[in-house]
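Since the structure comes first, as structure tokens, the remarks are kept for the end.
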Amino acid sequence: MDFCLRTHFFSLITAGVIVYLSFFNVPQTELDTIPFMDKITHLCMYGGLSIVLWGEYLLRVQPKGRRYLIASTVVFPIIMGGCIEILQSICTENRTGDWYDFLTNSLGVAIAWLIGRYVLIPLQIKKRQKPKNKPTHLHE
């Protein structure tokens, strides 16, 4: 557990906030008039969670291979989203489980995967290749 808290602290906080918001009774606001606002929210929550997982994996976790990366940044958020949708339909009166919400959660994770794979990993590789001590040039 200590390993998980050290390496995935922000991911655990993000997941906890998502769980809380998923069962929180949302008040009516002007944002409800925006078309597909619920789906945009799901896309951002799960895409955000996956990006945070990517960041912590790349910055804190010693490389554990592709399986660990896929399990932590793709499988975990998708399973979490599915479980929350099921629990919303079973355990709450003010929420319903929605397949479209689950698909939107998964789409957010897929977009985050593309960002991680084609943006974050190349940035990390580029960062590793930079020389640690830049030579200074003295002009006489």
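The values are calculated or read from the model by the stated rules, or taken from the named source; none is laboratory data. Worth saying up front: this structure is predicted, and the values here are computed from it rather than measured. A quick note on method: Cβ atoms are made from the backbone with ideal geometry, for glycine too, and the neighbour counts reach across all protein chains shown.
Among residues of the stretch 5-31 that are closer than 30 Å to Leu69 by Cβ and of a type in the set (Val, Ile, Thr), those with a beta-carbon under 7 Å from a residue that is at pLDDT 95 or above and not in a loop (DSSP other than H, G, I, E, B) at least six positions away or on a different chain give the pairs Thr14/Gly48; Thr14/Leu49; Thr14/Val52; Ile18/Met45; Ile18/Leu49; Val19/Ile84.
Entry remark, the stretch 35-72: residues being more than 14 Å from the chain's Cα centre (by Cα) and crowded, with 20+ Cβ neighbours inside 10 Å number 0 in total.
Beta carbons closer than 8 Å, at least 6 apart along the sequence or on distinct chains, pair a first residue in the stretch 32-43 that is on the phi < 0 side of the Ramachandran plot with a second that is aromatic (Phe, Trp, Tyr) and surrounded by fewer than 16 Cβ atoms within 10 Å (Cβ to Cβ) for Lys39/Tyr100. Based on what the data block shows, is Val74 touching a residue at least 12 places away in the same chain (Cβ under 8 Å) and not polar (S, T, N, Q)? Considered against the rule, which asks whether it is touching a residue at least 12 places away in the same chain (Cβ under 8 Å) and not polar (S, T, N, Q), Val74 comes out as yes. Applying the criterion of at least 3 residues that are modelled with pLDDT of 90 or more, over 24 Å from Arg6 (Cβ atoms) and out of contact with any Gly (no Cβ under 8 Å at 6 or more places or on another chain) to the helices (runs of 4 or more DSSP H) found wholly in the stretch 27-134 leaves 37-59, 76-91, 99-115. Take Arg6 and tell me if it is at pLDDT 85 or above, within 30 Å of Arg128 (Cα to Cα), part of a helix (DSSP H, G or I) and over 15 Å from the mean Cα position of the chain (by Cα). No.
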